[in-house]
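A short worksheet on the structure shown next.
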Amino acid sequence: MLLVVFLLLKAGVALDSWYMKRDVFTGAHGPFPAVFAAEAPVAPEHLLSLPGGTQVLVHGLSLRWTDDYTDKYNGMAAVNVRTGKEYWHYERHDVDESLVSQFGASERTVVARFTDGKLVALDLRTGRLLWHAEIRAGDRGRNVKIAGGQVLTEDAGAVRAFDERGGRDLWTAKTPQWCHEVFLRSIHTLPDHLSAVQVLCNGSGRYGADDIGLLMGVDNRTGTVLWQQRTVDPDLTSWGGGHTLVAPDPARRKPVQLLDMNRQGITSRTDLPLDKWDVVAVGNGTVLSGTNPKNGASKHDTLLSAFDAVDGHPTWQLRAPGDHEFGIPKIADGRVYVVRQPYLTSADAGSQFLADLLVLDADTGRLLHTLRLPTMTADDETPDYEKLVIGDVSDGAVGIGWRDDGGELLIATD
């Protein structure tokens, strides 16, 4: 019996060794590009253009899956945002057809979920394989998130958690029976071993007519579901740090609420004088709203209004010049990053224009810095022009979704 166990363990080690030998990684090129805990730039001056697609900025690296990058590899790549050169890449070789479905990143780890259900965790600094696991719950819209030292992903009728660095299977939180197909949307760790886990149930994963939003309070030591509440579209929900959640009230048509969460459940603190579509960013104690006072139904935000995330009181406003609007902002390190761009419509398709990156003080709205962006061409394939989006803000770098010639990503650095 002991011999059988020994042989099985040896076979498992051999399989892992084969898996790692078959995989390819380049290793890190040069020194790590950023120090830990560095803040975003107050006055970014330099711009780097990278291919478009899903990207995450962490510690001076732009992370992306490599089939978007080269249309060749089934893996992940990290690019130094100051030089534009590849820092490392990792490629799976154990299958021919599986591609990266989604990935998540923390300050130490990158975890990719592949379309065959395999999870692969890589060290952020080196690109080396840390661990892998397998979940066969289908590949449609599957996600992976990292928070509080745990990696979360979907399973059939559940959310599963793994140890971020070691890959140990930590817990499984079951969703209600009516939520049999789970799409993980966000995870936020709070004090008292509480994780707020937001999912969509049973539909397409994009909040269509059949989707149901569900927010669960989970004990992140055991996976015990402490409470659960149906919600609106997760894209209309913002997290304000600490215990604060900003979300439309699903029981009422318009009010946006400031909500408090703890291990006992969710309570409403106050209502904000906003429509559910108005909240565009939350962070550093500020709720930021984008509106067009002349036309409330318009997607063109010409006015940014800030509210205190504690009591909902208004704090400042910024109005765009008469022929301009604001893109989708991001709040980080006590600052607001937003693009100010010309007010474009479908009639402007194919025309060239200039836009600016603005850096504002989140508490007062005071303009700290302006950076002129390169000449851009308006999208000519959609009737409604898509606004420029601030993506990740991390370690001296600001990512800007750039709608030009293949949807490139602009990265502004100090």
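The values are calculated or read from the model by the stated rules, or taken from the named source; none is laboratory data. Everything numeric in this text was worked out from a predicted model, so none of it was measured. Ideal geometry is used to build each Cβ from the backbone, glycine not excepted, and the neighbour counts take in all protein chains shown. Please note that ligands, DNA and RNA were not included when accessible areas were found on the heavy atoms of the full protein model with its side chains. Shrake-Rupley method; radii C 1.70, N 1.55, O 1.52, S 1.80 Å.
Numbers for the structure displayed
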{"read-out": "Convex hull volume per residue for the stretch 284-350, taking Cα atoms only, in Å³", "value": "93"}
{"read-out": "Protein accessible area in the stretch 135-195, 1.4 Å probe - carbon and sulfur %", "value": "43"}
{"read-out": "Pair Thr224, Asp271: separation of 7 Å Cα→Cβ label points (nm)", "value": "3.6"}
{"read-out": "Sequence-distant residues sharing a close amide H with Leu272 (under 5 Å, placed H)", "value": "Val256, Gln257, Leu258"}
{"read-out": "Residue pairs, from the table Lys118/Lys330; Lys294/Lys387; Lys145/Lys276; Lys145/Lys330; Lys276/Lys387; Lys276/Lys330, whose Cα atoms sit over 27 Å apart", "value": "Lys118/Lys330"}
{"read-out": "Solvent exposure, largest accessible area first (probe 1.4 Å, DNA, RNA and ligands not counted), of His29, His59, His188", "value": "His29, His188, His59"}
{"read-out": "Cα centroid of the stretch 187-202 to Cα centroid of the stretch 341-360, whole Å", "value": "37"}
{"read-out": "Candidate residues Ser394, Ser346: accessible-area rank, largest first, probe 1.4 Å", "value": "Ser346, Ser394"}
{"read-out": "For Val336, residues with placed amide H under 5 Å, excluding near neighbours", "value": "Leu360, Asp361, Ala362"}
{"read-out": "Sequence ranges 166-172, 334-340, ranked by mean other-Cβ count within 10 angstrom, highest first", "value": "334-340, 166-172"}
{"read-out": "For Arg185, residues with placed amide H under 5 Å, excluding near neighbours", "value": "Gln198, Val199, Leu200"}
{"read-out": "Diffusion constant of the stretch 116-201 at 10 °C, which comes from Stokes-Einstein with the Kirkwood Cα-pair radius and 1.306 mPa s, µm²/s", "value": "118"}
